[in-house]
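S.K.: Encoded as structure tokens, here's the structure I'll be asking about.
The values are calculated or read from the model by the stated rules, or taken from the named source; none is laboratory data. On a predicted model such as this, the values are computed, not experimentally measured, just so you know. Ideal geometry is used to build each Cβ from the backbone, glycine not excepted, and the neighbour counts take in all protein chains shown.
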Amino acid sequence: TPLSHIRNFSIVAHIDHGKSTLADRLIQSTNTVADRDMKAQLLDTMDIERERGITIKANTVRIDFRAADGEDYVLNLIDTPGHVDFAYEVSRSMRAVEGSLLVVDSTQGVEAQTLANVYQAIDADHELIPVLNKIDLPASDCDRVAEQIEDVIGIDASGAIAVSAKTGVGITETLEAIVQHLPAPTGDIDAPLKAMLVDSWYDSYLGVVVLVRIMDGVLKKGDKIRMMQTGASYGVDRIGVFRPQMQNIDALGPGEIGFITASIKQVRDTKVGDTITHEKKGAEEPLPGFAPSQPVVFCGLFPVDSAEFEDMRDAIEKLALNDASFSYEMETSAALGFGFRCGFLGLLHLEVIRDRIEREYDIELITTAPSVIYHVYMRDGTKIDLHNPADMPDMTLVDHLEEPRIKATILVPDEYLGDVLKLCQDRRGIQMDLTYAGSRAMAVYDLPLNEVVFDFYDRLKSVTKGYASFDYNLEGYRQDNLVKMSILVNDEPVDALSMMVHRDRAEMRGRAMCEKLKELIPRHMFKIPIQAAIGGKVIARETLSAMRKDVTAKCYGGDATRKRKLLDKQKAGKKKMRQFGKVDIPQEAFISALKMD
Ligand code: GDP
Ligand code: MG
């Protein structure tokens, strides 16, 4: 296909504004997929994506379209995730295309991720076509939302297309707009090969599959290629495109997007953002790469049943094959035994990985308190990156600590603004900006990441009845008065429950933790003290009273089957608990205890 007849675009939007549904309609209306094979959110292939109705991995599809000018065009679409944890997927998709459809729900308006996407589009020097979706709904108000796009985002919305991705209204107009308004890709077919490595994943049949965008040159089956950053060389086994199922072709030329396989062993060998060139007569200069995503949230994952450790290692290794942004290393905990310290891009990413291990590999897990990376400056001048509060050195050896901060952007209807400001204040936020657009406020806060990773998003949703939207960027590190809080259950420290807190908030959090644990830990035959402590000093305490009667004692000499049943029941209950000293702590305690209400 000549470059003038190719258009590459992504679809960006705030979560739930209808990206995936719009992608479905574009695919369907161009007969890329036969009607009988059509299902909703076609490109969301992972179980978790389907269940949660969200897109996690960006997906690609090649569409043939005959435009009103009578010419045949090839459109390459990349569907992207909307959640803040997966923002890096959006940014790298954007580098592979020339423009984006900016989908805005016309019943809702501009949200935090709409803005975040626009900033990324501007960074990537992108053309944007505003699309106002869900016009079939009575609450749709295109004029108001178009005005808002101009006010808040500052882009021209006069050409916005009114669409219903549900009913199909406006779909042909959207396809025409892509052809007319988005630039064709540029590239030199005779120049040495430069292909951008956009994404890679592990496929159980094909091995590692690499998504590429050809900038210059031609990539053919059988070619010997070299990854310019890692230096690794491979022979190309297979080249193809997604329609959306894989279809083999012989070559990819400039401006085209497709996949290759090349007997690559692990996803880690393929660096996203790397440039692929030919081994012989290759390009001299790589393409400008893009920053890899770094894990920011860490937690320990341990099998409930320690006999499952090896299975868990296997599961984690397999998942990591497919997700270079997920990191792990072995960890041992006094209380929990062998497990892994894992790093994630955010809490949703954490939940997704945990769900997948539990579900796809059938291993029950204990998740310890999520933590961010602290910088610990020691008195002797050394510096430690602390991933796990359990490893915190003795405070007397520490000079000072720094914690990561974020810049958070929150959009919220006026009536909830007060609650949002209070929430941010409670989480040690510093207000940086507050502006109004129509009946919505946009608040920008500097917040400590550790106050946000746990339940900030849930709290924000609940105080605003779901009307607030939120986006953040890491801003850097700042010194603050941070301490390690330990939790003691029955006088034994439970390392998996220890956490870093701000000194001023330690007592409140300690109290909340003890109260929560008192509810979550079942009664035992004896009294159990639950304490929060800093250093050796107890700052909060609760006591779980003993069970009044020994329930099995009653059975002695009595009904044997009843006693048996009782013991079986206890055993079943134990499966989900771990013993700490003499005390059983249920699995959910590790996460629930940290949620503050
Ligand atoms: P994404 O998160 O941006 O990918 O959004 P989805 O495509 O998953 O859509 C979110 C929800 O909005 C789903 O329940 C869709 O069925 C619904 N939806 C999407 N487009 C339309 C539309 O044009 N009209 C109506 N009524 N619902 C829509
Ligand atoms: Mg989606």
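S.K.: Report yes if residue 513 is in contact (Cβ under 8 Å) with a residue 60 or more places away in the chain and closer than 17 Å to residue 374 by Cα, otherwise no.
M.R.: The answer is no for residue 513.
S.K.: Name the residues in the stretch 291-337 that are crowded, with 19+ Cβ neighbours inside 10 Å, among the charged types (D, E, K, R) and modelled with pLDDT under 85, would you?
M.R.: If the condition is that a residue be crowded, with 19+ Cβ neighbours inside 10 Å, among the charged types (D, E, K, R) and modelled with pLDDT under 85, then 323 is the only one that fits.
S.K.: Given the criterion farther than 26 Å from residue 67 by Cα, at pLDDT 90 or above and polar (S, T, N, Q), identify the matching residue among 120, 113, 108, 180.
M.R.: Exactly one of 120, 113, 108, 180 is farther than 26 Å from residue 67 by Cα, at pLDDT 90 or above and polar (S, T, N, Q), namely 108.
S.K.: Mind listing whichever residues of the stretch 462-483 are basic (Lys, Arg) and either part of a loop (DSSP other than H, G, I, E, B) or crowded, with 21+ Cβ neighbours inside 10 Å (or both)?
M.R.: 465
S.K.: Would you mind listing the strands (runs of 3 or more DSSP E) fully within the stretch 240-343 where at least 2 residues are aliphatic (A, V, I, L, M)?
M.R.: Ranges flagged: 246-249, 257-261, 297-303.
S.K.: Provide a single number: the residues in the stretch 95-143 that are more than 15 Å from ligand 1 (Cβ to nearest atom), among the acidic types (Asp, Glu) and over 16 Å from residue 159 (Cα atoms).
M.R.: Residues meeting the conditions: 3.
S.K.: Before we move on, is residue 282 modelled with pLDDT of 90 or more and over 19 Å from residue 60 (Cβ atoms)?
M.R.: In short, yes.
S.K.: So, in the stretch 160-205, exactly how many residues are out of contact with any Gly (no Cβ under 6 Å at 6 or more places or on another chain) and under 17 Å from residue 11 (Cα atoms)?
M.R.: Counting residues in the stretch 160-205 that are out of contact with any Gly (no Cβ under 6 Å at 6 or more places or on another chain) and under 17 Å from residue 11 (Cα atoms) gives 20.
S.K.: To continue, here is another question. Just one of the numbered conditions (1) more than 24 Å from residue 115 (Cβ to Cβ); (2) crowded, with 19+ Cβ neighbours inside 10 Å; (3) among the hydroxyl-bearing types (Ser, Thr, Tyr); (4) under 23 Å from the mean Cα position of the chain (by Cα) is not true of residue 486; which one?
M.R.: The single condition residue 486 does not satisfy is (4).
S.K.: So how many residues does the stretch 119-159 have that are part of a strand (DSSP E or B) and either among the hydrophobic types (A, V, I, L, M, F, W, C) or surrounded by fewer than 20 Cβ atoms within 10 Å (Cβ to Cβ) (or both)?
M.R.: The total comes to 5.
S.K.: Those residues that are in a loop (DSSP other than H, G, I, E, B), of a type in the set (Val, Ile, Thr) and within 16 Å of residue 98 (Cβ to Cβ), I need them from the stretch 160-213; list them, please.
M.R.: Once the filter is applied, which keeps residues that are in a loop (DSSP other than H, G, I, E, B), of a type in the set (Val, Ile, Thr) and within 16 Å of residue 98 (Cβ to Cβ), the stretch 160-213 yields only 186.
S.K.: Restricting to the stretch 12-22, name every residue that is among the β-branched types (Val, Ile, Thr) and either without any contact (Cβ under 8 Å) to a residue 60 or more places away in the chain or more than 9 Å from ligand 2 (Cβ to nearest atom) (or both).
M.R.: 12
S.K.: Could you say whether any residue in the stretch 2-24 is more than 8 Å from ligand 1 (Cβ to nearest atom), at pLDDT 90 or above, within 24 Å of residue 118 (Cβ to Cβ) and part of a helix (DSSP H, G or I)?
M.R.: No: zero hits.
S.K.: Can you tell which of 366, 384, 410, 430 is buried (at least 22 other Cβ atoms within 10 Å of the Cβ) and at pLDDT 90 or above?
M.R.: Answer to the check: 410.
S.K.: Then there is this: Report, by residue number, each residue of the stretch 144-174 that is in contact with a helix residue (DSSP H, G or I) (Cβ under 9 Å, 6 or more places away or on another chain), touching a residue at least 24 places away in the same chain (Cβ under 8 Å) and away from ligand 1 (no atom under 16 Å from the Cβ).
M.R.: 149, 152, 153, 155, 157, 159
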